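To start, the structure under review is shown below, and the notes come after it.
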Amino acid sequence: MADVAAAAGVSAQTVSRVVNDSPRVDPATRAKVETAMAALDYRMHRAARALRTGRTDTIGLIVSTLATVGNSRMLQAIADAASARGFALTVVTASGREAVADGFERLHDQGIDGAVILNEATALARGLDVPEDLALVVVDSPPDERFAVVQTDHAAGARAATAHLLASGHATVHHVAGPADSYAAAERERGWREALADAGRETPEPLRGDWTAASGHAAAAGLPASATAVFAANDQMALGVLRALADAGRRVPEDVAVIGFDDVEDAVEYRPPLTTIRQDFDALGTSAVDSLVALIGGRPAEPVVVTPTLVERASA
């Protein structure tokens with residue numbers, strides 16, 4: 001740092017402010033310091049900085065699985081947001097209560113500054129004693145005073161999907177729901193039920209899958225012959241529904257309309273292209289990291305709710 005200060009003709013304190021992204025440096029001086037840092041190949045010593053500040057500039061992510069599209073896209077969004085803010089990311093996959101508890105301990109022992117708990121793992125985390133000095137943000141969870149909460153308004157998205165199908169003239173809408181232990185799945189089912197109740201329509205018994213296309217295909221075998229509209233709780237299960245309907249000789253959308261949830265990258269390539277509810281994964285990831293950075297800095301983090309949008313294509 002002293003070498004950089006000498007090369008730039010500034011004080012070591014000014015170099016420190018640039019390194020720590022302080023606003024108290026004018027742009028011309030910042031440019032001189034950054035040029036000197038590049039010329040001297042200056043790199044911040046994270047271990048030394050951690051000793052001085054008590055922070056490692058590393059955050060954790062606890063997730064039950066990365067096999068689902070939603071979780072993998074959230075991982076990418078959180079990794080991008082963390083990197084943009086100068087934080088490294090440590091990922092722990094934990095599929096059970098003990099594994100989540102162990103994940104907290106592992107992250108705490110590594111001295112991370114805080115952690116994001118994602119989707120299905122939040123249900124496991126809510127019943128655990130968590131380290132008091134660990135800042136925590138949960139993505140998709142009921143309110144909990146121990147955590148900052150960031151979530152998609154899943155119920156609103158489900159209501160929009162169901163209302164769209166009812167407005168197209170369908171008497172009711174069948175639902176392929178997600179796993180029973182998933183908060184997101186429960187909220188999407190709630191929105192579907194509310195939309196049907198508000199319209200005074202019959203509420204069929206939901207068919208349940210596990211987020212995979214195969215489970216959507218299996219669930220669709222339980223659809224009655226009278227079904228003309230299906231709302232699947234995610235796009236992967238909707239893909240399975242589309243294949244099951246094709247196997248049964250039923251056309252989409254002429255015989256049965258289908259809507260998914262998430263708007264995965266390949267949804268436009270389904271046959272037919274899938275009408276779906278778009279989750280803004282980038283906004284969720286950015287909000288989760290921003291909330292965590294606020295907590296790490298000793299500032300409050302207000303709850304964040306991201307509203308999804310209906311994307312109309314050819315399946316409904």
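The values are calculated or read from the model by the stated rules, or taken from the named source; none is laboratory data. It should be emphasised that the depicted structure is a prediction, and the values quoted were computed from it without experimental measurement. Cβ atoms come from the backbone with ideal geometry, glycine included; neighbour counts cover every protein chain shown. The accessibility values were calculated without ligands, DNA or RNA, using every heavy atom of the protein model including side chains. Shrake-Rupley method; radii C 1.70, N 1.55, O 1.52, S 1.80 Å.
Per-structure values
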{"read-out": "The stretch 205-283 versus the stretch 3-34: alpha-carbon centroid distance in Å", "value": "55"}
{"read-out": "FRET efficiency, VAL311 to ASP133 (Cβ-Cβ, R0 25 Å, nearest 0.05)", "value": "0.05"}
{"read-out": "Cα→Cβ-extended label distance, 7 Å offset, between SER11 and ALA199, nm", "value": "6.8"}
{"read-out": "Answer label for P(r) over Cα pairs in 20 Å bins from 0, in percent (calculated), chosen among (1) 30, 44, 21, 5; (2) 30, 56, 12, 2, 0; (3) 36, 61, 3", "value": "(1)"}
{"read-out": "Angle between the chain longest axis and helix 154-167 axis [Cα atoms, degrees, rounded to 10]", "value": "30"}
{"read-out": "Surface share of carbon and sulfur [accessible, 1.4 angstrom probe, percent] for the chain", "value": "50"}
{"read-out": "Heavy-atom accessible area per residue - the stretch 59-114, 1.4 Å, Å²", "value": "44"}
{"read-out": "ASP280 versus THR65: modelled label distance in nm, points set 7 Å from Cα along the beta carbon direction", "value": "2.9"}
{"read-out": "Contact order normalised by residue count of the stretch 99-152, Cα under 8 Å, 6+ apart, percent", "value": "32"}
{"read-out": "Top of ALA283, ALA233, ALA158 by mean-square fluctuation, Gaussian network on the chain, Cα under 10 Å", "value": "ALA283"}
{"read-out": "Modelled FRET efficiency - R0 51 Å, HIS108 with SER168, Cβ distances, 0.05 increments", "value": "0.50"}
{"read-out": "Cβ-Cβ FRET estimate between GLU34 and ASP247, R0 fixed at 51 Å, reported to 0.05", "value": "0.25"}
{"read-out": "Under 15 Å, Cβ to Cβ, from ALA218 - net charge with Lys/Arg +1 and Asp/Glu -1", "value": "0"}
{"read-out": "Residue with peak Gaussian network fluctuation, the chain [Cα springs, cutoff 10 Å], from ALA161, ALA197, ALA225", "value": "ALA225"}
{"read-out": "Calculated [θ] (222 nm, deg cm²/dmol) that DSSP helices of n ≥ 4 give over the chain, each run adding -39,500 (n - 2.57)", "value": "-13500 deg cm²/dmol"}
{"read-out": "Nearest-ten-degree value, helix 281-296 long axis tilted from longest Cα axis of the chain", "value": "40"}
{"read-out": "Helix 27-39 vs. the chain, principal-axis angle (Cα, 0 to 90°, nearest 10)", "value": "80"}
{"read-out": "Residue among VAL230, VAL258, VAL91 with the largest mean-square fluctuation in a Gaussian network model of the chain, springs linking Cα atoms under 10 Å", "value": "VAL91"}
{"read-out": "Anisotropy class of the stretch 167-265 from Cα gyration tensor, a/c 1.5 cut", "value": "oblate"}
